[in-house]
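Beneath this line is the structure, given in structure tokens, with notes to follow.
The values are calculated or read from the model by the stated rules, or taken from the named source; none is laboratory data. Keep in mind that what you see is a predicted model, and the values were worked out from it rather than measured. Methodologically, a virtual Cβ is constructed for each residue, glycine included, from the backbone with ideal geometry; neighbour enumeration extends over all protein chains shown. Keep in mind that these areas ignore ligands, DNA and RNA; they rest on the heavy atoms of the full protein, side chains included. Shrake-Rupley method; radii C 1.70, N 1.55, O 1.52, S 1.80 Å.
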Amino acid sequence: MKKIILFIVLLTGSAIAFSQKSFHLTIVLDSSINSKNITCRYYNGESDIIVKDSFVNNSLVLSDKFYSLYSSFHIEYRTDNSAYYTNDFFINEKPATISFRFRPDDPEGVLRYSKRVNAIPVYDTNTNALFKQLVAYRIKEARAVSDFWQKHGGEAYGNDSLMQLNRELFKSLNKRSISFFKKYPQNYFSFWYFRAEVVETSVTFLTKDIPYLKYLVASIKSVYPKKYTESPEGQRIINKLSVLVNPPRVNTRAPLFIARDINGKNTRLSDYKGKYVLLDFWASWCLPCMREIPFIKQLSNEYPS
């Protein structure tokens, strides 16, 4: 009887850990910031959501559900001379407020805040002790990457040898980070950073390096406990890497996925079982992709069933 009770308790605890929650964030900009040059996004444990709402009187309120320990919020300010200033925060279920101010002489390119309530700065070594330790632990590798770009800059993009060197420096930096995170498997920032800064950059930069991608899959499974790896956030990372390690081939089943539609609702490929489905992969910044849209509409009109 005790075993049955324990089993039920464990199941309940797991359901609570992975259940959806809601955040409420108020963003306030002072007069030094032009709200038209602000872009925001937040990560809800399943996907990155681009904020499309506009500021009213330099204020914006965001509310949504999230499926991880925290929702992470990213803000970016682009000045008229194309300089970028950013900041990132963790938000939980408590109502949060962040008031921003702008310092054009900021040496770190950070969009500073004058007030924050229930918002935790992610990349602040004063408030995030683990990030401070990470910076010190991998300073040699980080400097190597920084020195590479200061020396070669845009020249690297047209030179295969330089790009290969850059990839190796980048992998060395990530491996050093993972070595550090092995000491802190229970810490959420450790897991979040692995996803946001190690995996997400790797899947856009090293998509053909299968041994390295396999190493990332093995690392996340060996370093972090099931409360992270079996959460929606963890499964998304593992699935993203697994598709690259074993990409779908022509004339084989498309991998099942869940994605948000333009109305914010989850869409599942499995919902369309037995129906014809056209999957068109494109990006909003891709002009050839945009030119294809009339053709996609034409297909829809000619073959509605």
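Restricted to region 120-173, and to residues there that are in contact (Cβ under 8 Å) with a residue 24 or more places away in the chain and polar (S, T, N, Q), the residue that is farthest from H24 (Cα to Cα) is S172. On inspection, E108 fails the criterion of being of a type in the set (D, E), loosely packed, with under 15 Cβ neighbours inside 10 Å and assigned to a helix (DSSP H, G or I). When E292 is tested against the conditions (1) farther than 30 Å from K171 by Cβ; (2) assigned to a loop (DSSP other than H, G, I, E, B), the lone failure is (2).
In region 268-283, the residues that are of a type in the set (G, A, S) form Cβ pairs under 7 Å with partners that are surrounded by 10 or more Cβ atoms within 10 Å (Cβ to Cβ) and part of a loop (DSSP other than H, G, I, E, B), at six or more places apart or across chains, as follows: S270/L256. Scanning region 231-250 for residues that are β-branched (V, I, T) and under 14 Å from the mean Cα position of the chain (by Cα) yields I237, I238.
Among the listed residues K94, K52, identify the single one that is open to solvent by 50 Å² or more (accessible area, probe 1.4 Å) and at pLDDT below 90. From the options K94, K52, the qualifying one is K52.
Y184 passes every criterion in (1) of a type in the set (F, W, Y); (2) in a helix (DSSP H, G or I); (3) open to solvent by 40 Å² or more (accessible area, probe 1.4 Å) apart from (2). Taken together, the residues in region 256-278 that are open to solvent by 60 Å² or more (accessible area, probe 1.4 Å), in a loop (DSSP other than H, G, I, E, B) and over 19 Å from S305 (Cβ atoms) amount to 5.
Considering the conditions (1) over 30 Å from K182 (Cα atoms); (2) out of contact with any strand residue (DSSP E or B) (no Cβ under 6 Å at 6 or more places or on another chain); (3) modelled with pLDDT under 85, R291 is excluded by exactly one of them, (3).
Within region 229-255, the set of residues being open to solvent by less than 80 Å² (accessible area, probe 1.4 Å), without any contact (Cβ under 8 Å) to a residue 40 or more places away in the chain and outside any loop (DSSP other than H, G, I, E, B) comprises T229, Q235, I238, S242, V243, V245. Looking at V203, V217 in this structure, which one is in contact (Cβ under 8 Å) with a residue 12 or more places away in the chain, closer than 22 Å to E168 by Cα, under 16 Å from the mean Cα position of the chain (by Cα) and surrounded by 13 or more Cβ atoms within 10 Å (Cβ to Cβ)? Answer to the check: V203.
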